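Following: one structure in structure tokens, then a few remarks.
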Amino acid sequence: MGIELLTGILLLCILVSFALGAPVGFALGGIAMAVGYFTWGDGIFQIVPNTFESVLFSFILLSIPLYIYMGQLLTRSGIGDAMFNASQLVIGKLRGSLAISVIGVCSMIGAMVGIIGAGIMTSGSIALKPMLDRGYDKKLALGVIMAGGGLGILIPPSVPMIMFAASTQNSVGKMFVAALFPALLAIIFLVSYIIISCKLNPERAPLGTGAEAKMTPKEKARTLRDGFMSVFLIFAVLGSIISGIATPTESGAIGVVGAVILAFFFKRFRLGMFRMAGMETAMLVSVAMWIILGATLFSNFHLMMGVQDMIASFTQDLGLPPLGVVILMQLVMLALGFIIDEFIIVLMCAPLFTPIVVDLGFDPIWFGILMILNIEIAVQTPPYGFALFYLKGIAPPGVTMLDIYKSVTPFILLKLCVLIICMLFPELVMWLPNKVMGP
């Protein structure tokens, strides 16, 4: 059986399985084994124990449950509220100030959680009601929740970045550092849009600052202290990696301990909260690991059948320049984001595309950042981006899907601009990691 026909059969089986609602991890792994059995025979099952061993004993992937657990502890202890209040206090009296603080805080919350869906839902549960209660335009409120919560996977620590590094044998720390400038650029674009939009149309956002305007100096000092301590933990986790003090996995453990200490410091630690954070983490990690196992089985089988050679030959036949090949890959991942989540896109595309990109002379870390940017856009793009349905789940009853489509469109276009800039000017992405961690 030719690799072209085999690839077509695999993709068709995946689409049918997803349409029938089959569990993603079992569908991917089961399809690979079934097709492999009919093409290779019993020998295909030899890759199962090797794949399970490489995944379950991966030191890099061990950091995933630690970062998710840290995020659950931070959000369930109410520390996200402390960050939100401090951010609003710092920005002060400015039209759209609450929306600006939501971008910053929701980005941090998304980074804590490390997953787009959980980041959007957590951010929305904290910030959406205060914005609507203060008279913000519904579309602006929904748009900034989606933009800020989704941006979390671009701000270290990021679970998809860890998966990319593990599947392509690249440095997690270098990925984290390389993401800092694109994340900062995206935040600047989003905040600029909010300021300009609210200035052109003042009805979109009130000028008042709310309860923080009535705070006493002592209350303001306490609010700023709590917010600073919350943000400091995120920088401590990232700083321990950049400085070489800890590996990404060890920094995840530092983050968990720091989250527990902060919960005690804020007098919000409860055994019930501790138990619920653990249960939620266990469920999220279980889902993630089954997806990783199934997707890795699928990728390993596809790679062994020679799909990389097929893709390389196909791109050569098109006669595209190297950057044109990268753009084509971006379009493929953008289309995949309509039907599958960020985990599966990384695990399916990273092992296939990255070696080809390296052969074309590009840096794999740069391509990994483009992939994360692309995924963030894809899963939020109307009409089928799955993150849109997470936002619908936390929105008030009067919000329709058309409202959500309209709310996210300008923010998606801004993030697309960031992706294009980073694609055309790779040095903007690679300068900082090469400076800090070496080329």
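Got at least one residue in the range 272-284 being under 23 Å from residue 98 (Cα atoms) and aromatic (Phe, Trp, Tyr)? Walk me through it before giving the result.
Step one: filter the range 272-284 for residues under 23 Å from residue 98 (Cα atoms), giving none.
No: zero hits.
If you check 411, 353, which single one turns out to be touching a residue at least 24 places away in the same chain (Cβ under 8 Å), within 30 Å of residue 286 (Cβ to Cβ) and of a type in the set (Phe, Trp, Tyr)?
Numbers: 411 fails: within 30 Å of residue 286 (Cβ to Cβ).
Only one candidate qualifies: 353.
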field: Cross-chain or 6+ apart pairs with Cβ under 7 Å, the range 88-114 first and closer than 19 Å to residue 129 by Cα and outside any helix (DSSP H, G or I), then modelled with pLDDT of 65 or more and open to solvent by 10 Å² or more (accessible area, probe 1.4 Å)
entry: 95/199; 95/202; 95/207; 96/195
task: State which residue is modelled with the lowest pLDDT when the search covers only the range 289-319 and only residues that are of a type outside the set (Gly, Ala, Ser), surrounded by 15 or more Cβ atoms within 10 Å (Cβ to Cβ) and farther than 20 Å from residue 39 by Cβ.
output: 315
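Out of 184, 190, which single residue is part of a helix (DSSP H, G or I) and either closer than 13 Å to residue 99 by Cα or modelled with pLDDT under 90 (or both)? Give the derivation first.
Working: 184 fails: either closer than 13 Å to residue 99 by Cα or modelled with pLDDT under 90 (or both).
Exactly one of 184, 190 is part of a helix (DSSP H, G or I) and either closer than 13 Å to residue 99 by Cα or modelled with pLDDT under 90 (or both), namely 190.
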message: Looking only at the range 176-188, count every residue that is open to solvent by 10 Å² or more (accessible area, probe 1.4 Å) and either of a type in the set (Asp, Glu) or in contact with a Ser or Thr (Cβ under 8 Å, 6 or more places away or on another chain) (or both) and tell me the total.
response: 1
- request: Give just the number: which of (1) of a type in the set (A, V, I, L, M); (2) over 15 Å from residue 175 (Cβ atoms); (3) touching a helix residue (DSSP H, G or I) at 6+ places or on another chain (Cβ under 7 Å) does residue 413 not satisfy?
  value: (3)
task: May I ask you to list pairs of residues, at least six apart or on different chains, whose Cβ atoms are under 8 Å apart, with the first in the range 190-206 being over 14 Å from residue 139 (Cα atoms) and the second being hydroxyl-bearing (Ser, Thr, Tyr) and open to solvent by less than 30 Å² (accessible area, probe 1.4 Å)?
output: 206/136
Of residues in the range 120-175 being closer than 17 Å to residue 83 by Cα, at pLDDT 80 or above and within 13 Å of the chain's Cα centre (by Cα), the one most open to solvent (accessible area, probe 1.4 Å): 155
message: Given the condition more than 24 Å from residue 394 (Cβ to Cβ), modelled with pLDDT of 75 or more, out of contact with any strand residue (DSSP E or B) (no Cβ under 8 Å at 6 or more places or on another chain) and open to solvent by 60 Å² or more (accessible area, probe 1.4 Å), answer yes or no: does some residue in the range 91-100 qualify?
response: yes
- request: Could you figure out which of (1) closer than 22 Å to residue 189 by Cβ; (2) open to solvent by 40 Å² or more (accessible area, probe 1.4 Å) isn't true of residue 397?
  value: (1)
query: Which residue out of 343, 353 is at pLDDT below 80, open to solvent by 10 Å² or more (accessible area, probe 1.4 Å) and under 25 Å from residue 150 (Cα atoms)?
result: 343
field: Residue check for residue 29: open to solvent by less than 50 Å² (accessible area, probe 1.4 Å), within 20 Å of residue 287 (Cα to Cα) and in a helix (DSSP H, G or I)
entry: yes
- prompt: Pairs under 7 Å by beta carbon, first residue open to solvent by 60 Å² or more (accessible area, probe 1.4 Å) in the range 50-76, partner among the polar types (S, T, N, Q), six or more apart or different chains?
  reply: 59/249; 62/249
- request: Please work out which one of (1) in a helix (DSSP H, G or I); (2) crowded, with 20+ Cβ neighbours inside 10 Å is the condition residue 235 fails and give its number.
  value: (2)
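Could you please let me know if residue 270 is more than 14 Å from residue 73 (Cα to Cα), open to solvent by 80 Å² or more (accessible area, probe 1.4 Å) and not acidic (Asp, Glu)?
On the way: more than 14 Å from residue 73 (Cα to Cα): no; open to solvent by 80 Å² or more (accessible area, probe 1.4 Å): yes; not acidic (Asp, Glu): yes.
Against the criterion (more than 14 Å from residue 73 (Cα to Cα), open to solvent by 80 Å² or more (accessible area, probe 1.4 Å) and not acidic (Asp, Glu)), residue 270 does not qualify.
Do we have residue 69 as under 25 Å from the mean Cα position of the chain (by Cα) and aromatic (Phe, Trp, Tyr) here?
On the way: under 25 Å from the mean Cα position of the chain (by Cα): yes; aromatic (Phe, Trp, Tyr): yes.
Taking the combined requirement at face value, the residue satisfies it.
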- request: Check off (1) in contact (Cβ under 8 Å) with a residue 60 or more places away in the chain; (2) under 27 Å from residue 349 (Cβ atoms); (3) surrounded by fewer than 19 Cβ atoms within 10 Å (Cβ to Cβ) for residue 286 and give me the number that stays unchecked.
  value: (1)
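The values are calculated or read from the model by the stated rules, or taken from the named source; none is laboratory data. Fair warning: this is a prediction, and the values are worked out from it, not measured in the lab. Note: ideal-geometry Cβ built from the backbone for every residue, glycine included; neighbour counts use all protein chains shown. Remember, those area values only see protein heavy atoms, side chains included, never the ligands or the DNA or RNA. Shrake-Rupley method; radii C 1.70, N 1.55, O 1.52, S 1.80 Å.
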